[in-house]
Amino acid sequence: MILDIEIVDWKTRPITNKPEMYFSDATQQPPSVDHLLETHHQFYGRPWALGKCLFDTALECGIKPQFNVLDFGCGAGRLAIWLVGYLEYGRYFGVEAHYNSIDALLRYELPLYGLSHKKARVLHDSEINLDVFGASFDFVIDAYSSVHLDSARAAVYRERLPTVVKKGGMVLISPVPERCDNAFFPEFEVVRRFSSSCELILNSGKDKITEWSLFRKLS
Ligand SMILES: C[S@@+](CC[C@H](N)C(=O)[O-])C[C@H]1O[C@@H](n2cnc3c(N)ncnc32)[C@H](O)[C@@H]1O
């Protein structure tokens, strides 16, 4: 069978200093062969099914459909496929440095789950330009992402993230930051430090417990 689809080597696409925003419903191009083979499910070293566990943890932490949610380092959408379906139209915002992951999310995963119409917005950026959305957030989830930032970007992250979170808004981070106290984000309190598991994966012996911290913005 011949597949009449465009093959683009996104890996050669440079990351520019200029952030670019993409909308799920603006992505009309068909998925690439790589996306159809779901190679992006192997990008992060831990099972794709972990996304369900991340979603369940966010629910336990009080996420609501009417919340504006920022998925920092959203990858190819392991969590987004659950979140976008759950959240109201236009409430999902992702930031991701790796273009091929964004492409897989918008051109393959969201269409596959019938979610292209939900106006998910994803920013292609590695410089923590979180104000580009012009939105403030009720809930931020950072699953295994800020831990990979170099020290300069980590400092910018800690400075800028609080500026886009609403008063009373929550930030859920895994793994627990090295210095997890009220000084990590000065305007925040630490609500909980806890572990979560994903029965589906743990029973197969393929994953481990995830350690989280949950912060709430005070002022
Ligand atoms: C281990 S993966 C986790 C992906 C996703 N949170 C998940 O659990 O499926 C870490 C992600 O953070 C992204 N990332 C790393 N540095 C980043 C930065 N400066 N800005 C945005 N994303 C970044 C990586 O490209 C990668 O997709």
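Some points to look at:
- Check on TYR144, within 16 Å of the ligand (Cβ to nearest atom) and under 26 Å from ARG216 (Cβ atoms): yes
- With respect to being buried (at least 17 other Cβ atoms within 10 Å of the Cβ), modelled with pLDDT under 95, in contact with a Phe, Trp or Tyr (Cβ under 7 Å, 6 or more places away or on another chain) and not in a helix (DSSP H, G or I), PHE185 fits the description.
- Among the residues of the stretch 91-130, those that are within 15 Å of the ligand (Cβ to nearest atom), within 14 Å of ASN68 (Cα to Cα) and in contact (Cβ under 8 Å) with a residue 40 or more places away in the chain comprise PHE93, ALA120, ARG121, VAL122, LEU130.
- Per the listing SER146, SER151, SER174, the residue uniquely of a type in the set (S, T, N, Q) and touching a helix residue (DSSP H, G or I) at 6+ places or on another chain (Cβ under 6 Å) is SER146.
- Within the stretch 181-203, being polar (S, T, N, Q) and in contact (Cβ under 8 Å) with a residue 60 or more places away in the chain holds for SER196, SER197.
- Failed item in (1) crowded, with 17+ Cβ neighbours inside 10 Å; (2) within 13 Å of the ligand (Cβ to nearest atom); (3) over 16 Å from the mean Cα position of the chain (by Cα); (4) at pLDDT 95 or above, with CYS198 passing the rest: (4)
- Of the helices (runs of 4 or more DSSP H) that lie entirely inside the stretch 23-109, those containing 3 or more residues that are buried (at least 18 other Cβ atoms within 10 Å of the Cβ) span 50-60, 80-86, 99-104.
- Index of the failed condition, GLY134 passing every other in (1) closer than 21 Å to VAL176 by Cα; (2) surrounded by fewer than 15 Cβ atoms within 10 Å (Cβ to Cβ); (3) away from the ligand (no atom under 12 Å from the Cβ): (1)
- Residue check, LEU50 within 21 Å of ARG192 (Cβ to Cβ), modelled with pLDDT under 95 and within 13 Å of the ligand (Cβ to nearest atom): yes
- Tallying residues that are assigned to a strand (DSSP E or B) and farther than 16 Å from ILE141 by Cβ within the stretch 159-182 yields 2.
The values are calculated or read from the model by the stated rules, or taken from the named source; none is laboratory data. On a predicted model such as this, the values are computed, not experimentally measured, just so you know. Neighbour counts run over all protein chains shown; Cβ positions are idealised from the backbone, glycine included.
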